Amino acid sequence: MTAPTNNRTAIPPSKEPMPIFWALVWWSLVGIGLGLIIEIVFAQMAAGTWVWEGPLNLDSTKWFDVSRSTITTVGIFGLGGAALLAYRRQHTSERQHTLDERKQGSVDKTDLRARYTTAAEQLGHEKPAVRLAGVYAMAALADDWHSAEEDEQRQICIDVLCAYLRMEYDPDSDKAKTGEKEVRLTVIKVISSHLQDTSSTSSWCGMNLDFTGAVFDGGDFSSVKFTGGNVTFAGARFTNGNINFTNTELSGGNVIFAGAHFSGGNIIFSGTDFAGGNAIFTRAHFTDGLVSFAGVRFTDGNINFSNAKFTSGLVNFSRSEVAGGSIIFTDAQLSGGNISFSNAKFIGGNITFSRAKLNEGGLNFGSARFSKGTVSFNGATFATPSATFARARFTGGVASFAKTRFTAGFVSFKGAKFTAGTVAFEAATFVGGHVSFDQAEFTGASVSFLKIRGAKPALLTFENVSSWAHPPEFPWAPGASPAWVLPTSLPPGTTPSLLPENQEDVGLPSSP
């Protein structure tokens, strides 16, 4: 743990003023001398002659007038001296006040450093009750450093609390069962309580929080606001229990889960407002449990699952709304578990599964609405037993499956409605599995299968299509679809092909 630094402010030397007694003596002598000079001048003016020209003939009345004028002038000079004396006293008082403040500030910071040592010792104590006291003491100390305008020291106190969570921890150990879990949950609670109100003087919003490699078996981060700084859970392990991020706000900075391992429990982001910043899950590994973004609205920022591995569990985006920003699954690997966007609405932004390998598990876009933005599976591989876009509605935007490979499993567009926008399967390859557009409606969207290639045992079906009002574009002549496409006679009006009319397999041999 890093101890606070000693940054005492040096008091600059200053010249000591003249002692008050000698100042008064000096001023009095100046006043007497000035009074004599002024009286002589006034007397000469009243007599109309100079002293070296002869005696000054003045009667008592004129001498009285001269004396009165002299006294008045000297009195004004005396008032100036009194004002100067008052200023000197004020200056001395202010200087003393400044010295007292600096001295008090030095004493206060010394006290804060002593409190840091005490709180750190409490956090390392063997008794859970003492460690709990240390958690609250360290948090209070962070707030007091902020009041002292020492935010660098505040960050150190926050780092200590985060470091406590990074220490080695086994949720199944006897230590965890005898109070350690309660201490850790309290650390999370204290941090979370400081991330609620950005206008509060005790807010930690915008500060850095480092949970790298920490083990979480519960914790409540609900309603926190990530408005800046970096919050990192990189390499953290989420083993069991509930980690609650409901109703959080991500409007700046980065929340990093890169390389994190989700092996159990529930991570809930429901109700979260993604209005900026980045949530980064690159290289994360999902082997069990639930990570839920159900009902979340995305208006800006990025959620990045690039190179993540999904072997079990569920990542749930059902009923979410994507109006901006990006959701990225580039090069992700689905070898188990499920990713669900069922009933989601895509009204802007971008979502990409480019080059993703969907080998096992399930991918669910059932009943999703695509009205704007871009959804891309370019270069992805579909071999999953279940990938569904059943009853999805394509009313705008772009859904692209260009150069996608369908090698096994089942991909369903059953009952999907294509009324506007663009859906492109150009240059896709079908070498295995079944892709079904049964009962779909093609009424207005631009759907293209140009340049596709395929061969048995792949199967591409358009059985019982509800409407061919605006049919897709195919690379073969009407009625000349290859054997792996059903029905063999597609409706008239499809794009003529330059390929031989009787070619059964487009671009591939008859076997995979």
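Observations
- Test result for ASN304, farther than 23 Å from SER193 by Cβ, open to solvent by less than 30 Å² (accessible area, probe 1.4 Å) and out of contact with any helix residue (DSSP H, G or I) (no Cβ under 6 Å at 6 or more places or on another chain): no
- Total residues in region 124-167 satisfying the condition of being in contact with a strand residue (DSSP E or B) (Cβ under 8 Å, 6 or more places away or on another chain) and among the acidic types (Asp, Glu): the figure is 1.
- One residue stands out among those in region 388-417 that are aliphatic (A, V, I, L, M) and open to solvent by less than 30 Å² (accessible area, probe 1.4 Å): the one that is nearest to the chain's Cα centre (by Cα), which is ALA399.
- Between ALA214, ALA163, ALA142, ALA176, the distinction of being of a type in the set (A, V, I, L, M) and farther than 30 Å from ALA284 by Cα belongs to ALA142 only.
- Residues being under 23 Å from GLU180 (Cα atoms) and part of a helix (DSSP H, G or I) - total across region 124-162: 22
- If you filter region 130-177 down to residues that are open to solvent by 30 Å² or more (accessible area, probe 1.4 Å) and of a type in the set (Lys, Arg), you find that the one that is nearest to THR118 (Cα to Cα) is ARG166.
- Candidate set from region 316-351 (those that are surrounded by fewer than 22 Cβ atoms within 10 Å (Cβ to Cβ) and among the hydroxyl-bearing types (Ser, Thr, Tyr)); member that is nearest to ALA258 (Cα to Cα): THR330
- Hits in region 418-444 (condition: assigned to a loop (DSSP other than H, G, I, E, B) and surrounded by 23 or more Cβ atoms within 10 Å (Cβ to Cβ)): PHE425, ALA428, PHE437, ALA440
To keep it simple, each residue is scored yes or no on (1) at pLDDT below 95; (2) at positive phi; (3) not hydrophobic (A, V, I, L, M, F, W, C).
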residue	(1), (2), (3)
VAL435	no, no, no
GLU441	no, no, yes
SER446	no, no, yes
LYS456	yes, no, yes
ASN464	yes, yes, yes
SER467	yes, no, yes
THR494	yes, no, yes
LEU499	yes, no, no
SER511	yes, no, yes
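- The condition of being open to solvent by 20 Å² or more (accessible area, probe 1.4 Å) and within 27 Å of THR352 (Cα to Cα) holds for only one of SER270, SER292, SER223, that being SER270.
- Residue list for region 474-488, restricted to those being open to solvent by 20 Å² or more (accessible area, probe 1.4 Å) and closer than 19 Å to GLN439 by Cβ: LEU486, PRO487, THR488
- Where ARG184 falls short, out of the listed (1) free of Cβ contacts under 8 Å to residues at least 40 places away in the same chain; (2) more than 24 Å from ASN230 (Cβ to Cβ); (3) crowded, with 18+ Cβ neighbours inside 10 Å; (4) not hydrophobic (A, V, I, L, M, F, W, C): (2)
- Top-ranked residue in region 192-204 [being free of Cβ contacts under 8 Å to residues at least 40 places away in the same chain and open to solvent by less than 30 Å² (accessible area, probe 1.4 Å); ranked as nearest to GLU249 (Cα to Cα)]: LEU195
- For region 445-462, the set of residues classified as open to solvent by less than 10 Å² (accessible area, probe 1.4 Å) and in a strand (DSSP E or B) consists of VAL447, SER448, GLY454, LEU460, THR461, listed by residue number.
The values are calculated or read from the model by the stated rules, or taken from the named source; none is laboratory data. Source: prediction; values computed, not measured. When we count neighbours, we look across all protein chains shown, and the Cβ atoms used for this are built from the backbone with ideal geometry, even at glycine. Keep in mind that these areas ignore ligands, DNA and RNA; they rest on the heavy atoms of the full protein, side chains included. Shrake-Rupley method; radii C 1.70, N 1.55, O 1.52, S 1.80 Å.
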